[in-house]
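Student: This is the structure I have questions about; it appears just below.
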Amino acid sequence: MPAGEQPTAKVPAQARPTERIPAVREATATSAGSPLTERYVLRQRIGSDPSAGAEFWRAEDTVLRRPVGVTLLRRLPADDRSDDPEGTARAGEMIVRALRSGCFEHSGSARLLDVLAPGTHGLPADVLGAAVAEWVPGRSLAETVAEGPVRAQRAARAVETLAAAASEAHYQGLVLGCDHPQRVRITPDGRAMLAFLLPRPSVSAADDVRGLGGILYCLLTRRWPLSVADAARAGLVAADRTPAGRLRPPSQLRPGVPLELDTLCTGALGQGEGIGRVHTAAAMHRMLSDVVAEDADQAFFPPVHDGAPAEPDDVWQDSDHLPDTRNDPRRRRNLRIGLGVLAVGVLVVLGYLAVQVGALFGGGGGPPVVVPPAAAATAQPQQQAPAPQSSGSVPVRDVSGEVFDPVGDGDNAATVGNALDGDAGTSWETSRYFQPFPALKPGIGVLASFAATQPLTGLTIDSPSTGTVVEIRSAPSADPTLQQTTLLDTVTLSSGRTTVSLDAAVPTDHVLLWITTLGPDNQTRIDDVTFARTAS
């Protein structure tokens, strides 16, 4: 018998024949490192279930080079006086059950990979059969509660997945056998999973419900409420009972356990009365789901203290366990550095805002330029010179405009008049887009309107946004759709002035400058637009 295993108590005589199985005796043929057929090698014994004549092993699949969980059925001693001296009938029945559950898959149960029936080539002499399942990483129940009870809501979330698996299995006419503590493991993300298959032949759906209640009870109280022998074998403490033989509710052992979980535990373990009893795994799954959902709704409020320490990733931490850092010199130094950096950042932002305000009200953000008188006299006429007009053309006066944006609210609509005021020192610009047209919208435009119908001969666009593509369109009204406008010409702007010639034989009241391609950095600026018409 390996170290850590305790002798198994005699099974009562009134137990059913399939349960009258004595303690499993170790055989030298199957120990750590022994092969199991030509594919699997046993690595570490995890536990045993004498009532099923089973042992739980972590093994290695030598073909796929991966760990697997093996439930191994031992051959019973030949001198056993039960109805099935060697356990062959028991093993056969359990293997048939495993084959029936081969198609069952659920996130709360390890997936069955292989079944080794009695007589399979390569089985050791003392092994009747085995079920091979995917390995479930994580910890056993005993390891999970070794450092203290689990927070109530985490316990509910852990058992919820296993309850869903049991509910689905019962719906398909199967059972899990989760009433043994060593068959269940807790994954790194906190889910309880059935890790080892092949339950004893006599297990029923009611036993699964009791097992779910036992796992929840164990996570809340660190005590196993079902078999005392199984508790000792798994390294757990057996649950206390009243003088009348009833289990003590979890809330008596751990104040702060929610009433819902307290009632659910006692009901699933058969301690409730009348409507307090939980008869099906589906009912338990439904109630656990409600508890988890209610906890999610209350995530903004600190949980009721239930005696369990907060996990490192919990939003709400226990203040009693936080270190007092009020007089920590290192923390005070870091705080001073942080405040200094913040002050510098505030000064930088204020300086930037002052420059922008000065540029807004002063007409320019750069330093003043001193120009010699002779140069100023030469430059002044060039600055005031209007755009060159063709012979017989005069500028159009009294031009108004608005932003034309069919799918938006208009880019910088308050300053669009700067593009039509005849002053190149003021400008209108589009918003800066993250993606070029037509990713967000087909384009943006300026709709110019005249006091009367004009026989236009051309227009000049003054803009520094090289590469901007503008469609010149005639509009029938001051509020047209893009489909109602008529394309007159398309031009690509260069830096400075770009002149477009128009046919004066087609007079119009409105002209749309429709930008279909933006300039550098997905933005276009227009300093001025001047129109020319035939002289009357």
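The values are calculated or read from the model by the stated rules, or taken from the named source; none is laboratory data. Not measured: the values here are computed from a predicted model. All Cβ positions, even for glycine, are placed from backbone atoms using ideal geometry, and neighbour counts span all protein chains on display.
Student: Within the stretch 461-478, count every residue that is part of a strand (DSSP E or B) and more than 21 Å from Glu429 (Cα to Cα). Full working, then the answer.
Tutor: Of the stretch 461-478, the ones part of a strand (DSSP E or B) are 461-463, 469-475.
Filter once more, keeping what is more than 21 Å from Glu429 (Cα to Cα): 474-475.
Count: 2.
Student: Residues of the stretch 518-536 being acidic (Asp, Glu) and either more than 10 Å from Ser465 (Cβ to Cβ) or part of a strand (DSSP E or B) (or both), which ones? Don't jump to the end; show me each part of the working.
Tutor: Keep residues of the stretch 518-536 that are acidic (Asp, Glu), which gives 521, 527-528.
Across the stretch 518-536, the qualifying residue is only Asp528.
Student: Let me ask something additional. Name the residue, out of Asp503, Asp462, Asp479, that is surrounded by 17 or more Cβ atoms within 10 Å (Cβ to Cβ) and of a type in the set (Asp, Glu). Steps first, please.
Tutor: Values: Asp503 fails: surrounded by 17 or more Cβ atoms within 10 Å (Cβ to Cβ); Asp479 fails: surrounded by 17 or more Cβ atoms within 10 Å (Cβ to Cβ).
Only one candidate qualifies: Asp462.
Student: Enumerate the pairs (first residue in the stretch 99-128 and of a type in the set (Val, Ile, Thr); second residue anywhere and buried (at least 16 other Cβ atoms within 10 Å of the Cβ) and assigned to a loop (DSSP other than H, G, I, E, B)) with beta-carbon separation below 7 Å, excluding pairs fewer than 6 apart on the same chain, so at least 6 apart or on different chains.
Tutor: Pairs found: Thr120/Thr37; Val127/Thr30; Val127/Arg75.
Residue by residue, here is whether (1) within 28 Å of Glu143 (Cα to Cα); (2) among the hydroxyl-bearing types (Ser, Thr, Tyr); (3) modelled with pLDDT of 50 or more; (4) touching a Leu at 6+ places or on another chain (Cβ under 8 Å) holds:
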position	(1), (2), (3), (4)
Pro17	no, no, no, no
Ala23	yes, no, no, no
Ser31	yes, yes, yes, yes
Val41	yes, no, yes, no
Arg45	yes, no, yes, no
Ser51	yes, yes, yes, no
Arg66	yes, no, yes, no
Leu76	no, no, yes, no
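Student: Quick one: is Ala166 in contact with a Gly (Cβ under 6 Å, 6 or more places away or on another chain), under 30 Å from Arg75 (Cα atoms), in a helix (DSSP H, G or I) and in the same structural domain as Val96 (by TED's automatic domain parsing)?
Tutor: no
Student: With the requirement that a residue be at pLDDT 90 or above, part of a loop (DSSP other than H, G, I, E, B) and of a type in the set (A, V, I, L, M, F, W, C), what does the stretch 479-517 give you?
Tutor: Within the stretch 479-517, Leu493 is the sole residue that qualifies.
Student: Which residue pairs have Cβ atoms closer than 9 Å, lie 6 or more positions apart in sequence or on different chains, and pair a first residue in the stretch 134-155 that is within 25 Å of Thr62 (Cα to Cα) with a second residue that is assigned to a helix (DSSP H, G or I)?
Tutor: Going by the 9 Å Cβ cut-off, the qualifying pairs are Gly138/Thr144; Ser140/Pro181; Ser140/Gln182; Ser140/Ala234.
Student: With the condition kept exactly as written, say whether any residue in the stretch 412-433 is among the acidic types (Asp, Glu) and either loosely packed, with under 13 Cβ neighbours inside 10 Å or out of contact with any Ser or Thr (no Cβ under 9 Å at 6 or more places or on another chain) (or both).
Tutor: So in the stretch 412-433, the residues among the acidic types (Asp, Glu) come out as 421, 423, 429.
Okay, now just the ones that are also either loosely packed, with under 13 Cβ neighbours inside 10 Å or out of contact with any Ser or Thr (no Cβ under 9 Å at 6 or more places or on another chain) (or both), so 421, 423.
Yes, because at least one residue in the stretch 412-433 is among the acidic types (Asp, Glu) and either loosely packed, with under 13 Cβ neighbours inside 10 Å or out of contact with any Ser or Thr (no Cβ under 9 Å at 6 or more places or on another chain) (or both).
Student: Search the stretch 334-362 for residues that are in a helix (DSSP H, G or I) and pair each with any residue that is small (Gly, Ala, Ser) and at pLDDT below 80 when their beta-carbon atoms are under 8 Å apart and the residues are at least 6 apart or on different chains.
Tutor: Val355/Gly365; Gln356/Gly365; Gly358/Gly365; Ala359/Gly365
Student: Taking the stretch 186-203 on its own, how many of its residues are out of contact with any Ser or Thr (no Cβ under 7 Å at 6 or more places or on another chain) and among the hydroxyl-bearing types (Ser, Thr, Tyr)? Before the answer, list the steps.
Tutor: Going through the stretch 186-203, the residues out of contact with any Ser or Thr (no Cβ under 7 Å at 6 or more places or on another chain) turn out to be 187-190, 195, 199, 203.
If we keep only those that are among the hydroxyl-bearing types (Ser, Thr, Tyr) as well, we get 187.
Count: 1.
Student: Let me ask another. Tally the residues that are part of a loop (DSSP other than H, G, I, E, B) and more than 13 Å from Val184 (Cβ to Cβ), restricting the search to the stretch 216-226. Even if it seems obvious, please write down each step before you answer.
Tutor: Quick first cut of the stretch 216-226, residues part of a loop (DSSP other than H, G, I, E, B) only: 222, 225-226.
The next check asks that each one be more than 13 Å from Val184 (Cβ to Cβ); those that pass are 222, 225.
Residues flagged as part of a loop (DSSP other than H, G, I, E, B) and more than 13 Å from Val184 (Cβ to Cβ) within the stretch 216-226 amount to 2.
Student: OK, next. So if I check each of Arg223, Arg277, which one is of a type in the set (Lys, Arg), within 20 Å of Val291 (Cα to Cα) and assigned by TED's automatic domain parsing to the domain that holds Val145?
Tutor: On the way: Arg223 fails: within 20 Å of Val291 (Cα to Cα).
Criteria check complete, one pass: Arg277.
Student: Which ones in the stretch 122-154 are acidic (Asp, Glu) and in a loop (DSSP other than H, G, I, E, B)? Step through it out loud before you land on a result.
Tutor: Within the stretch 122-154, the subset acidic (Asp, Glu) is 126, 134, 143, 147.
Once the filter is applied, which keeps residues that are acidic (Asp, Glu) and in a loop (DSSP other than H, G, I, E, B), the stretch 122-154 yields Asp126, Glu147.
Here's the yes/no breakdown for (1) touching a Gly at 6+ places or on another chain (Cβ under 7 Å); (2) within 28 Å of Thr187 (Cβ to Cβ); (3) among the aliphatic types (A, V, I, L, M):
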residue	(1), (2), (3)
Val228	no, yes, yes
Arg241	no, no, no
Ser251	no, yes, no
Thr266	yes, yes, no
Gly276	yes, no, no
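Student: Tell me which of these Gly256 doesn't satisfy, since it passes every other one: (1) assigned to a helix (DSSP H, G or I); (2) touching a helix residue (DSSP H, G or I) at 6+ places or on another chain (Cβ under 8 Å).
Tutor: (1)
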